[in-house]
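The values are calculated or read from the model by the stated rules, or taken from the named source; none is laboratory data. Everything quoted here is computed from the prediction, not taken from an experiment. Glycine also receives a Cβ, built like all others from the backbone with ideal geometry; neighbour counts cover every protein chain displayed. Only protein heavy atoms, including side chains, enter the accessible area calculation; ligands, DNA and RNA are left aside. Shrake-Rupley method; radii C 1.70, N 1.55, O 1.52, S 1.80 Å.
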Amino acid sequence: MKVGEPEKFIVKGKRLDGRKLDELREIKIEAGILKRADGSAYVEWGGNKVMAACYGPREVHPRHLARSDKAILRCTYNMAPFSVSDRKRPGPDRRSREISKVTREALEPVVFTNLFPRTAIDVFIEVLQANAGTRCTGIAAASVALADAGIPMRDLVPSCAAGKVGGEIVLDLFDVEDNFGEADLPVAMIPRKNEITLLQMDGNLTQEEFEKALKLAMEGCIKVYELQKEALRRKYGGA
Ligand code: UDP
C-alpha cells in the first residue's frame, strides 16, 4: 500500500468525500470575469479553481501560421506553481502540452473557424488550484469563455470524467480517487450531436466497465452543459 492510500474507497455506498457513486462534485461557473479578455470564465469544480480567457479572432503571430481558409484555434493549458501540494515547476512540460493539444481538439469541432480566415482565436486556461479533473474543468471553462467572446459555435463543449475506484465505476474522481484508483476516463462532448470530442483513459477497464464509465461520464457532461448554459444566461439573460 502506498503512502496516503485509503484502505477502502467506498463505505456503505458512499465515497470518501461523502458523494454517491454517480454524484458530481459541486460546480460553480461564472462567465465574463476578466475585463481585458474578449471572453472569459471562472470555474470552481470541487477543489479545482480554473480561469479561462479567450482572445480573438485576431491577427496571427507568427504570420506564417495563418490559414487562408479558416481561423486557427490555439489553446494553452497552464498549471500555477501553487496549484498543487508539491510545488509545480513553472512553465510548459509534457503534461501541459498534451492537455493543451487535447483541449484544442475537443473544442475545435464546435467553432466556426471558416468564418474568420487568416486570424487566430487564442484560449488560455490557468489552473489556480488543482484537485483532479483539471483538463475537464479547463475544457468546460474554455467553451464558456469562447461563447462569452461571441465566437460563433455549434454548441458548448461540456466535459466530465468517470473512473473506477474500489472496484466500482464512479463519476468525477477527486484527488485521492485519482491517485489511488484503478482508472480515470475523461470525456468531452458536443451534446447537440451526441458526439465525443475527448476520450482518454488512465488505468484498466474491462469492455463492460468501459461502456458503463463512458455512459456515466456522458451523463456528467450533460449536467455540466446545463451549468454552462445557466452561467451564460445569468450574464446575458434570455431563455
Ligand atoms: N497533479 C499534481 N502535480 C502535477 C500534475 C498533476 O499534483 O504536476 C495532480 C493535480 O491535482 C491533478 C491530478 O494530479 O488535478 C491529476 O492529474 P492528471 O494528469 O490526471 O490530469 P487532470 O485529472 O487534472 O485532468
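So is Ala120 open to solvent by 20 Å² or more (accessible area, probe 1.4 Å), in contact with a Gly (Cβ under 9 Å, 6 or more places away or on another chain), away from the ligand (no atom under 15 Å from the Cβ) and touching a residue at least 24 places away in the same chain (Cβ under 8 Å) or not?
Answer is no for this residue.
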State which residue is farthest from the ligand (Cβ to nearest atom) when the search covers only region 70-117 and only residues that are more than 18 Å from the chain's Cα centre (by Cα) and among the acidic types (Asp, Glu). Asp93
Contact list, first residue from region 69-92 and open to solvent by 60 Å² or more (accessible area, probe 1.4 Å), second anywhere and within 11 Å of the ligand (Cβ to nearest atom) and basic (Lys, Arg), beta-carbon distance below 9 Å, six or more apart or interchain, is Phe82/Lys88
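A quick yes/no check of all residues on (1) more than 20 Å from the chain's Cα centre (by Cα); (2) at pLDDT 95 or above:
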| site | (1), (2) |
| --- | --- |
| Met1 | yes, no |
| Phe9 | yes, yes |
| Arg19 | yes, yes |
| Asp22 | no, yes |
| Arg25 | no, yes |
| Lys28 | no, yes |
| Gly32 | no, yes |
| Tyr42 | no, yes |
If you scan region 198-214, which residues turn out to be within 17 Å of the chain's Cα centre (by Cα) and surrounded by fewer than 20 Cβ atoms within 10 Å (Cβ to Cβ)? Leu199, Gln200, Met201, Asp202, Leu214
Return yes or no: is Asn131 part of a loop (DSSP other than H, G, I, E, B) and within 16 Å of the ligand (Cβ to nearest atom)? yes
Can you pull out every residue in region 20-35 that is open to solvent by 100 Å² or more (accessible area, probe 1.4 Å), touching a residue at least 12 places away in the same chain (Cβ under 8 Å) and part of a loop (DSSP other than H, G, I, E, B)? Glu26
Matching residues in region 220-235 - criterion: being in contact (Cβ under 8 Å) with a residue 12 or more places away in the chain, open to solvent by 80 Å² or more (accessible area, probe 1.4 Å) and either under 16 Å from Thr137 (Cβ atoms) or out of contact with any helix residue (DSSP H, G or I) (no Cβ under 8 Å at 6 or more places or on another chain) (or both): Lys223, Glu230, Arg234
Only residues in region 185-202 that are within 16 Å of Gly163 (Cβ to Cβ) count as the first member; pair them with residues that are basic (Lys, Arg) and away from the ligand (no atom under 11 Å from the Cβ), Cβ under 9 angstrom, at least 6 apart or cross-chain, and list the lot. Leu185/Lys164
Within region 163-184, is even one residue in contact with a Ser or Thr (Cβ under 9 Å, 6 or more places away or on another chain), of a type outside the set (D, E, K, R) and either under 23 Å from Val84 (Cα atoms) or free of Cβ contacts under 8 Å to residues at least 40 places away in the same chain (or both)? no
What number goes with the only condition from (1) among the charged types (D, E, K, R); (2) touching a Pro at 6+ places or on another chain (Cβ under 8 Å); (3) surrounded by 18 or more Cβ atoms within 10 Å (Cβ to Cβ) that Glu195 does not pass? (3)
